Amino acid sequence: MKYIIAIISLIFCSVLFSCKKDFLNKTDPTRIGVDIFYQDAAQVNRAINGIYGQLQGITSVNYIFKEMQSDNTTIDMNPSDRGGAAGWEAFEYSTVNPGNGEISNLWNRYYSALYNVNLSIEKLSASTTIDDAVKKPLDAELKFLRAFLYFDLVRYFGNVALVTNTFKTPAEAFEIIRTESVDQVYTQIETDLKEAVAGLLTRSDQPAAQRGRATKGSALATLGEMYLTVKKYPEAVSTLQSILPMGYDLVPDYADVFGTENKNNIESVFEIQYQGDNDLGEQSNFMYVFAPRESSSSIVGFAGQGLGGRNIPTNNMIAAYEAGDLRKDVSLKTGFTKDGVLYPIPYVNKYNHPHNIPGRTNDNWPIYRYANVLLMLAEAINESTGPGSVAEGYLNEVRHRAGLDPLSGLGKDAFRTAVLKERRVELAFENHRWFDLKRTMTPAELAAFMNAHGTAEKANPTVPRGGVAFNQLDYIYEPHEYLLPVPAPQILINSKLTQNDGYN
């Protein structure tokens, strides 16, 4: 409709001859123009809150790429509706191609958020009305957000297009090329995170009104994981150790970590904020997406809701818990009861909490917890100098809360395996598994690992498939799938972007 209006306006101008060239160039009175925004710290804070709003959208679907793509979760297939087969189902069955719509959405969400980050950095830097002392933590927070977004992108796609400024003309967007190597992306991430560490406030110094936004601990945890990823183990050790005296601790009861009444608790280093039970549009809906399709009100508490049946814990994931592990019943359930009948379809339980409005849950999403910091530190020490009492202590601190016996006397390889397994169960369904596998395996090793998982799933599916046979391409993993393909529309728009190897 807006294009029709524009055409009519142009005709109107040409007939009357009295219209000026800027007839259509009017400011929408309902919006604040970018040129008159960012005038004070309050406006910059609102801009930053808007970026966190974009992180909500990103996080709401990241389970597809970080959990379903791994051996942790699968899907409760709907035999009568395969509308997701070319989209999100492809990540479960390893049939992703450059034309996949979820890939395009992922790319667009991240780069849209990055544009707003870069714009805010530039406007903040250019401001002459905001004191430097006020600018510093705001700039540091924006640098954290940029690093956080690129850290995901580089692990998804490899040497992505690295954009750290806004464009003055549309033509500049068509000159974007990918970096020559991932090292350039990681260098930028490291630079941004170091600036974030230097400028961000600690959790204890953060104003109550900003609780839930990034802190110095958030930046250090991200930097520590980045060092683990690029195998700079001594740097990872020193970075993660600097978090220990900041006042974080394990919540005594694992279930309380995720309770909606206990958000941003003493264990929380960084979590994405959601607010349900109102009409503000800030709610989460994880349980509605994760609940088995036919569970109706037995899990979410409200009948007549469309349930996704996605991110279903696999048989392999369920078997990963040791006997007596207190985390198992908190993290997942192996079935649900409906109308007095038990249905043995597992589901994620970690985000299952009472709420008052259908589809508007109040659950935050954890990104970094203190337990994660302890396990990363144990891993970094082992890789740097081998296992010992200190690394064992960090691992066993997490195991103790889970009600498990301590581990000791393991060699370096066995300790590495133990930490990876502990990370799997401790951080289950928190979007860490896929990147943990990538960090600890070569592309060939990951392909072999996932092929073995696929063979087991095809032989004994976690969820009945309603008579739908597996496609011959399902669960066939190849080493090039270590990276996702660059979305085909992006290459169509900009031919200077190149595709990752192995994708047509």
Item to check | The listed residue being free of Cβ contacts under 8 Å to residues at least 12 places away in the same chain and over 22 Å from the mean Cα position of the chain (by Cα), out of 294, 261 | outcome: 261
Checklist entry - Say we look at the stretch 398-429 and pick out the residues that are among the acidic types (Asp, Glu) and in contact with a helix residue (DSSP H, G or I) (Cβ under 8 Å, 6 or more places away or on another chain); which of these is surrounded by the fewest Cβ atoms within 10 Å (Cβ to Cβ)? => result 405
Checklist entry - If you take the residues in the stretch 59-77 that are touching a helix residue (DSSP H, G or I) at 6+ places or on another chain (Cβ under 6 Å) and among the hydrophobic types (A, V, I, L, M, F, W, C), which one is nearest to residue 274 (Cα to Cα)? => result 64
Item to check | Residues that are in contact with a helix residue (DSSP H, G or I) (Cβ under 6 Å, 6 or more places away or on another chain) and under 25 Å from residue 229 (Cβ atoms), drawn from the stretch 350-372 | outcome: 350, 365, 368, 371
Checklist outcome for this item: Those residues of the stretch 254-309 which are in contact with a helix residue (DSSP H, G or I) (Cβ under 7 Å, 6 or more places away or on another chain), hydrophobic (A, V, I, L, M, F, W, C) and not in a helix (DSSP H, G or I) amount to 269, 270, 272, 291, 303, 307
Checklist entry - Just a yes or no: is a residue in the stretch 38-56 modelled with pLDDT under 95, in a loop (DSSP other than H, G, I, E, B) and among the hydrophobic types (A, V, I, L, M, F, W, C)? => result no
Checklist entry - Of the residues 393, 324, which single one is surrounded by fewer than 20 Cβ atoms within 10 Å (Cβ to Cβ), more than 26 Å from residue 304 (Cβ to Cβ) and in contact with a Gly (Cβ under 7 Å, 6 or more places away or on another chain)? => result 324
Item to check | the stretch 128-158, subset touching an Asp or Glu at 6+ places or on another chain (Cβ under 8 Å) and either among the aliphatic types (A, V, I, L, M) or at pLDDT below 95 (or both), residue surrounded by the fewest Cβ atoms within 10 Å (Cβ to Cβ) | outcome: 129
Item to check | Residues being of a type outside the set (D, E, K, R) and touching a helix residue (DSSP H, G or I) at 6+ places or on another chain (Cβ under 8 Å) - total across the stretch 78-90 | outcome: 4
Checklist outcome for this item: By residue number, the members of the stretch 334-362 that are among the charged types (D, E, K, R) and either modelled with pLDDT under 95 or surrounded by fewer than 18 Cβ atoms within 10 Å (Cβ to Cβ) (or both) are 338, 339
Checklist entry - Looking only at the stretch 166-208, which residues are surrounded by 12 or more Cβ atoms within 10 Å (Cβ to Cβ), charged (D, E, K, R) and within 18 Å of residue 124 (Cα to Cα)? => result 192, 195
Item to check | Failed item in (1) surrounded by fewer than 13 Cβ atoms within 10 Å (Cβ to Cβ); (2) in a helix (DSSP H, G or I); (3) touching a residue at least 60 places away in the same chain (Cβ under 8 Å); (4) not aliphatic (A, V, I, L, M), with residue 496 passing the rest | outcome: (2)
Checklist entry - Taking the stretch 239-250 only, how many residues are surrounded by 16 or more Cβ atoms within 10 Å (Cβ to Cβ) and free of Cβ contacts under 8 Å to residues at least 60 places away in the same chain? => result 2
Next on the checklist: Pairs please, first residue from the stretch 335-361 and farther than 27 Å from residue 257 by Cα, second anywhere and part of a loop (DSSP other than H, G, I, E, B), Cβ atoms under 8 Å, 6+ apart in sequence or on different chains.
Outcome noted: 338/294; 338/295; 338/296; 342/335; 343/292; 343/294; 343/295; 343/335
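The values are calculated or read from the model by the stated rules, or taken from the named source; none is laboratory data. Just so we're clear, the structure is a prediction, and the values are computed from it rather than from any experiment. Note that we place each Cβ from the backbone using ideal geometry, even for glycine, and neighbour counts take in every protein chain shown.
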